[in-house]
Amino acid sequence: MTDIHKNLSENTTVTKYDANGVEEWKQGNLVYTGQMSLQSSFPIGIESVRETEENGNTATRNKEVMGEVVIVEYRTPSMEDKVNTQQKQITSLNAQIAYLQMLSGVETEVPHEQKF
C-alpha cells in the first residue's frame, strides 16, 4: 500500500480517456491528498441489452455497467506547495554549484537559503 501512495504522490498529472482509449483531457501540476477509497459498485459504462417483452417483441435497452474502481483525490497546489517546491529546487541547485566548485577549484559566493 505504501508503494501505491508513493506512486500517486510522485505523479502529478491526471489524464481522462474515453471508452475507446482516446485522451479527452489532461490536468497537470496536481497534489495527491493521500485520500484513496475503493468503490465496489460504481458506474463504469453503458451496454446495450436485448430483452424480450411480455408481448414477445424484442427491445434494446441501455443498461448501466457497474464495476470496482479506486477513487484517488488530488487538489491544485497551494502557494505553500509552490514555495516548498521552489525551495527544494534552490537547495538542489546550491548543492550542484558547491559540487562543481569542488571539482573545478573555483570559488564563488553562493547565496544562503532563505527560510519562509
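Points to keep in mind about this one:
- Listed by first and then second residue, the pairs linking a residue in region 59-76 that is of a type in the set (Ser, Thr, Tyr) to a residue that is not in a strand (DSSP E or B), with Cβ atoms under 7 Å apart and 6 or more places separating them unless they lie on different chains, are 74/30; 76/30.
- Annotation note: of 6, 26, 16, 63, the sole residue that is of a type in the set (Lys, Arg) and not in a strand (DSSP E or B) is 6.
- Residue 31 vs. criteria in the same structural domain as residue 15 (by TED's automatic domain parsing), touching a helix residue (DSSP H, G or I) at 6+ places or on another chain (Cβ under 6 Å) and of a type in the set (Val, Ile, Thr): yes
- Residue check, residue 36 surrounded by 10 or more Cβ atoms within 10 Å (Cβ to Cβ) and under 29 Å from residue 13 (Cβ atoms): yes
- Criterion violated by residue 71 - all others in (1) of a type in the set (A, V, I, L, M); (2) surrounded by 10 or more Cβ atoms within 10 Å (Cβ to Cβ); (3) assigned to a helix (DSSP H, G or I) satisfied: (3)
- Residue match in region 26-37 (condition: free of Cβ contacts under 8 Å to residues at least 12 places away in the same chain and on the phi < 0 side of the Ramachandran plot): no
- Some residue of region 59-68 being within 19 Å of residue 44 (Cα to Cα), under 17 Å from the mean Cα position of the chain (by Cα) and in the same structural domain as residue 36 (by TED's automatic domain parsing): no
- For region 41-55, the count of residues that are of a type in the set (S, T, N, Q) and under 11 Å from the mean Cα position of the chain (by Cα) is zero.
The values are calculated or read from the model by the stated rules, or taken from the named source; none is laboratory data. For clarity, every value in this text was computed on a predicted model and none was experimentally measured. Note that we place each Cβ from the backbone using ideal geometry, even for glycine, and neighbour counts take in every protein chain shown.
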